[in-house]
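K.L.:
Take this structure, written in structure tokens, and hold onto it; I'll ask about it next.
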Amino acid sequence: MKTINLLPKPRQRLLKDEAVFRSLLVIIGVSVFSFVLVIAAQFGTKLYLQNQSAAVHQKVLDLQDQIKKDNNSNQKAQVAEINNLIEDYKNLSSSSPKWSRVLKAFAALPPPGIKISNFSINFEDKTIQITGQSPTRELVIQLYNVILNDDKEFYNIDYPFDNVAKPTNVGFHFTFNIRDSLLK
């Protein structure tokens, strides 16, 4: 079947243009609506992500503060412990006499051939007791004289006679005092 349009040609053209115009209006309306919808969706997403970002940022700051507090307290405790150890060491070091100065001062005194078998210091009484062996009596006397003459570091040496009773292979022992300057 065939449709015959009896309208004049300009009117037919006008109807066709109106149909095209309505189609264009519908397409433009749908386009504007979808454009507005996309813009609204993007704006809503932006607001949502900004809120989420702010919340996450706040959580990160809270965690950093918590970590700083924990680390600071742990580090402060460790630093305090190390400082206490150092302070204990300093106190112990300053309160105990210096062995090395006493040993260094005494090491130069014994003549060659004398063997010191025991060297003990009593820091409370500031005394030294030595025992040893000597091949001859003369070396024991020489050791006594050397300690006696060293009044700068040592004084008040005793002289037991049993140290010189035998002429050879002599076992000896002496007790003498230490000057305060040597113990500092």
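The values are calculated or read from the model by the stated rules, or taken from the named source; none is laboratory data. Model, not experiment: these values are computed from the prediction. Neighbour counts are summed over all protein chains in view; Cβ atoms, including those assigned to glycine, are modelled from backbone coordinates with ideal geometry.
K.L.:
Taking segment 147-184, which residues are of a type in the set (Gly, Ala, Ser) and either closer than 17 Å to residue 110 by Cβ or outside any loop (DSSP other than H, G, I, E, B) (or both)?
P.N.:
171, 181 - these are the residues of segment 147-184 that are of a type in the set (Gly, Ala, Ser) and either closer than 17 Å to residue 110 by Cβ or outside any loop (DSSP other than H, G, I, E, B) (or both).
K.L.:
For residue 39, indicate whether it is among the β-branched types (Val, Ile, Thr), surrounded by 10 or more Cβ atoms within 10 Å (Cβ to Cβ), under 60 Å from the mean Cα position of the chain (by Cα) and modelled with pLDDT under 95.
P.N.:
Criteria not met by residue 39.
K.L.:
A further question on this structure: What pairs can you find where one residue is in segment 120-140 and assigned to a loop (DSSP other than H, G, I, E, B), the other is hydrophobic (A, V, I, L, M, F, W, C), and their Cβ atoms are less than 8 Å apart, with a gap of 6+ or different chains?
P.N.:
Close Cβ pairs satisfying both conditions: 123/183; 126/178; 126/183.
Okay, residues lined up against (1) modelled with pLDDT of 85 or more; (2) closer than 30 Å to residue 183 by Cβ:
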site: 55; (1), (2): yes, no
site: 76; (1), (2): no, no
site: 86; (1), (2): yes, yes
site: 100; (1), (2): no, yes
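K.L.:
State yes or no: is residue 17 surrounded by 10 or more Cβ atoms within 10 Å (Cβ to Cβ) and modelled with pLDDT under 85?
P.N.:
Taking the combined requirement at face value, the residue does not satisfy it.
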